[in-house]
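The numbers here are math on the coordinates, done by the rules we state, and not lab data. Nothing here was measured: the structure is a model prediction, and the numbers come from that model. All Cβ positions, even for glycine, are placed from backbone atoms using ideal geometry, and neighbour counts span all protein chains on display.
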Amino acid sequence: MIGGKKKCIGLIFGGNSNEHEVSISSAKTVFQAFKSEINKERFTVKAFYINKYGDWLDSDSSEKILIGERENNNAKKQELLNQEKINFLDGIEFKNVDVWFPLLHGMNGEDGSIHGLLRFTKKPLVGCGILGSALGMDKILMKTIFSNLKLPQVNYLVFQNKDLNDKEVKKKLLNEILKKLNFPVFVKPSNSGSSLGISKVINDSEILPALEKAWEIDPRILIEEGLEVREIECGIIGNSRFLASEIGEVSYESDWYDYDSKYYSKNKIIIPAEIDSKITKEIKEIAIKSCRALNIFGFARVDFFLEKSSNKILLNEINTIPGFTKNSMFPMLWKASGLKIEQLVAKLVDISLGL
Ligand SMILES: Nc1ncnc2c1ncn2[C@@H]1O[C@H](COP(=O)(O)OP(=O)(O)O)[C@@H](O)[C@H]1O
Ligand SMILES: [Mg+2]
């Protein structure tokens with residue numbers, strides 16, 4: 001390579017999360033992009049697979065998963081690294097890694113835990129830090145900050161630090177929901193992903209089961225007023241100077257964008273979304289503002305609702321490690337904005353290095 005040695009990317013994927021499989025698909029796409037003709041002179045990749053139990057596999061076994069030579073679920077115990085040491089990074093050969101690329105979706109990864117661990121390696125990483133990741137994962141805190149900045153959102157209520165098994169508490173909560181929100185409502189665990197644990201509730205008899213379902217994932221629960229919406233997404237890259245991508249819309253046949261419609265049905269992605277230029281501009285501005293508010297940088301996908309009846313923009317959430325599969329919105333948005341996936345992954349590394 002002209003002008004320096006190749007950068008070794010430490011690609012971390014899998015993870016102890018209910019989005020494990022999506023992470024593997026994302027990592028396969030990113031791995032191919034780094035190995036492509038235009039990137040192979042600049043980068044090498046060292047793969048780090050974390051299985052569903054949270055154990056790390058060595059790089060050779062990890063790479064076999066990425067190139068399809070090995071199933072992801074059949075890790076034998078003796079191949080796993082010993083995590084009972086006090087500093088379990090001791091067992092992980094990361095000396096040659098120049099830049100980490102964590103592609104873990106959901107809990108035990110996207111929530112900032114991997115970012116905290118990687119800080120001890122003193123190497124840069126693609127994406128934001130502990131704070132932005134934790135805030136981006138936690139719907140309650142994310143919304144609290146947005147509301148502080150008066151960013152537009154749906155009406156919502158928060159249930160936390162209380163016991164849902166307590167009859168009195170339950171009664172009070174039900175009354176509050178009925179008093180303050182209109183049906184339908186969406187009941188969500190504060191920390192989850194891929195719509196898991198979320199229910200759409202259309203009348204009061206369905207509230208309790210929905211609360212219990214969310215409670216199983218997280219005792220901190222968000223209850224939102226449900227609107228008839230279009231779903232609009234915007235990609236962000238950059239550190240202090242952010243770039244916003246084209247705006248995309250996802251449409252699906254189901255009633256709402258639940259787990260099955262996210263992963264098992266043919267959704268339609270429209271880029272650029274058919275919305276007027278004033279709304280597009282506003283969405284891009286809010287996307288950047290919301291990332292700054294949560295100390296999110298590097299890359300992110302900011303999701304919005306556009307209320308069908310009023311065309312009102314409502315900020316929904318920020319994903320700090322967006323899906324990177326071949327059919328994922330984030331790489332498609334950047335492709336439409338002039339950055340093919342190969343250019344995008346290289347750009348993300350440059351951003352993480354402050355170049
Ligand atoms: N307030 C709401 N009004 C209408 N639809 C909603 C609302 N909240 C959630 N949804 C539907 O549920 C989906 C998942 O909710 P979201 O908060 O984005 O959770 P996740 O983090 O799991 O993606 C949304 O994409 C949307 O289809
Ligand atoms: Mg979402």
query: Can you give the Rg and Dmax of the chain based on its C-alpha atoms, in angstrom?
result: 20.7, 70
query: Any idea what angle helix 139-148 forms with the longest principal axis of the chain, computed on alpha-carbon atoms, 0 to 90 degrees, nearest 10?
result: 70 degrees
message: For the stretch 244-268 and the stretch 197-231, what is the centre-to-centre distance using only Cα atoms, to the nearest Å?
response: 19 Å
query: How would you order 222-235, 126-139, 174-187 from highest to lowest mean count of nearby Cβ atoms within 10 Å?
result: 126-139, 222-235, 174-187
query: What's the angle, to the nearest 10 degrees (0 to 90), between helix 207-217's Cα axis and the longest principal axis of the chain?
result: 20 degrees
field: Crossing angle, helix 20-34 versus the chain [Cα axis fit, 0-90 degrees, rounded to tens]
entry: 40 degrees
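So if I take the alpha carbon set of the stretch 156-225, get Rg, then get Rh from the Kirkwood formula, what is the Rg over Rh ratio?
Answer for the stretch 156-225: 0.91.
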- line: Given Cβ charges of +1 for Lys and Arg and -1 for Asp and Glu, the option among LEU164, ASN319, TYR257 whose Cα lies farthest towards the positive end of the dipole of the chain is ASN319
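Quick check on the exposure proxy: order LEU11, LEU306 from fewest to most C-beta atoms within 10 angstrom.
With the sparsest Cβ surroundings first, the list reads LEU306, LEU11.
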message: Can you sort ILE236, ILE24, ILE12, ILE341 from fewest to most other Cβ atoms within 10 Å of each residue's own Cβ?
response: ILE24, ILE341, ILE236, ILE12
message: Here is the link list: LYS28/LYS95; LYS312/LYS335; LYS5/LYS335; LYS46/LYS281; LYS7/LYS143. Which ones come out longer than 30 Å on Cα distance?
response: LYS46/LYS281; LYS7/LYS143
- prompt: What value, in deg cm²/dmol to 500, does the helix sum -39500 (n - 2.57) over DSSP H runs of n ≥ 4 give at 222 nm once divided by the residues of the chain?
  reply: -9500 deg cm²/dmol
query: Which whole-number percent gives the relative contact order of the chain, counting Cα pairs below 8 Å spaced six or more residues apart?
result: 18 percent
Positive-end residue of TRP215, LEU141, ASN191, charge dipole of the stretch 139-262 with Cβ unit charges: LEU141
message: Skipping prolines and chain starts, which residues have an amide H placed within reach, meaning under 5 Å, of the one on LYS40, given they are 5 or more residues away or on another chain?
response: none
